[in-house]
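Undergrad: Input: one structure, supplied below.
Since every read-out is calculated from the coordinates, none of them should be taken as a lab result. From a predicted model like this one, the values you see are computed outputs, not experimental measurements. Positions of Cβ are generated from backbone atoms using ideal geometry, with glycine treated the same way; all protein chains shown enter the neighbour counts.
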Amino acid sequence: MSSRDFSLHGAIDLGARQAAAKKQQERQARAQSGGPPAAAAGAAGPAVMDVTDQTFGTEVVERSKTVPVLVDFWADWCGPCKQLGPILEKLAAEAAGKWVLAKVDIEANPQLNAYMQQMGVRGIPFVAVVVAGQLLPFLNGAAPEPQIRDAIDQLFDALRKEGILPEGFDDAPVAEPGEPQPTADPVYAAAEDALRAGDLDGARTAFQAVLDADPADAHAKVSLARIDLALRVRAIDAERVLTEAEERPLDVPLQIQAADVEMVSDYVDHAFDRLLKAVRGTAGDDRDAARKHLLALFEALPADDPRVGKARRSLQSALF
């Protein structure tokens, strides 16, 4: 079983967010009217959530730090998805907070769809599990309910044995995504609120105010760098840029854009290697631009991230 840290930053898709909110309201209405228990609420949050490109970070990745999240990638046109989805929703409700289910409509969420394809997944339904920020492939295709039950039990047993899921972890209550940490700083709270609301420009302004007051605030630095990255990628035609970047490896402005796209898609090593090659293969202003942008991308990760340390050493070798 392989895993990877998952992160996603990108443009705000209001249509997808509205569609997800509508689906969530429909689930809640069914539960209140005595319909199927698919959306039954746990102790501190729903057992089933419809998530989007923009809410995945808080509702899945952040939530997974306190409770495992199964992610069901589906589409309206997918017949097997309509068989598997209700089974997963039923089991999520029965789990009573030991794990929760996030549903992703791949037609409405192109970034998550692209990420799934980059993982090598070519068909749906596809189910992944996210635990402590790590995404692991789980199921590909539909199956009868008893088989799904057994597979989920085996999944959590395997996660415990591998040390990914500590003993008692799946007994933790469901936590609300993105809960702000206690803070006495209203500016910091405003920054977090804007980020959760998907207001990247407002979040950037607020985090900049935090940094102006405390230049050593590491979390604000990383958040600001990630927001800047998301704002840049929002204006990029990712498919075109990646294709042209392969054709013109010494076009530094193009390599910089391609590195941003890869960084957003969580291909961090690819992004770093791309800019390192540009540093090695160019000179003068082009080389300096690639170097500076690589340093800027380092800021989007914690200083102790091993990928940053490795790339810093490679950069030093390339320069000297």
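Undergrad: Given segment 81-136, report the % of alpha carbon pairs whose separation exceeds 17 Å.
TA: Taking all Cα-Cα pairs of segment 81-136, the fraction more than 17 Å apart is 45 percent.
Undergrad: Moving to a separate point now. In whole Hz, with x marking every Gly and Pro, tabulate ³J(HN,Hα) for segment 125-131 from phi via Karplus 6.51 cos²θ - 1.76 cosθ + 1.60, θ = phi - 60°.
TA: So the Karplus estimates, Gly and Pro as x, are x, 10, 10, 10, 10, 10, 10 Hz.
Undergrad: Next question. Along segment 226-237, what does the Karplus equation 6.51 cos²θ - 1.76 cosθ + 1.60 (θ = phi - 60°) give for ³J(HN,Hα), rounded to whole Hz, x for Gly and Pro?
TA: 5, 5, 4, 4, 4, 5, 5, 5, 4, 9, 9, 7
Undergrad: Rg (Å, one decimal) plus Dmax (Å, integer) for the alpha carbons of segment 186-319?
TA: 15.6, 48
Undergrad: Okay, next question. Need the full-extension length gain, residue 270 to residue 288, defined as separation in residues times 0.36 nm minus the C-alpha distance. One decimal, nm.
TA: Gain in length upon complete extension: 4.6 nm.
Undergrad: Between the alpha-carbon centers of segment 46-101 and segment 269-302, tell me the distance in whole angstrom.
TA: One Cα centre to the other: 37 Å.
Undergrad: Then there's this: Mind listing the long-range amide H neighbours of residue 217? Cut-off is under 5 Å, sequence gap 5 or more, other chains count too, H placed in the peptide plane at 1.01 Å from N.
TA: Residues meeting the amide H criterion: none.
Undergrad: I've got another one for you. Strictly over 26 Å apart at the Cα level, which of 221/292; 161/310; 98/310 would you flag in this model?
TA: 161/310; 98/310
Undergrad: Among the GluC sites (Glu not before Pro) in segment 72-172, which ones are in a DSSP loop with at most 12 other Cβ atoms within 10 Å of the Cβ? Mind listing them?
TA: 162, 167
Undergrad: Just in segment 84-145: which trypsin sites (Lys or Arg not before Pro) are loop by DSSP and have at most 15 other Cβ atoms within 10 Å?
TA: 122
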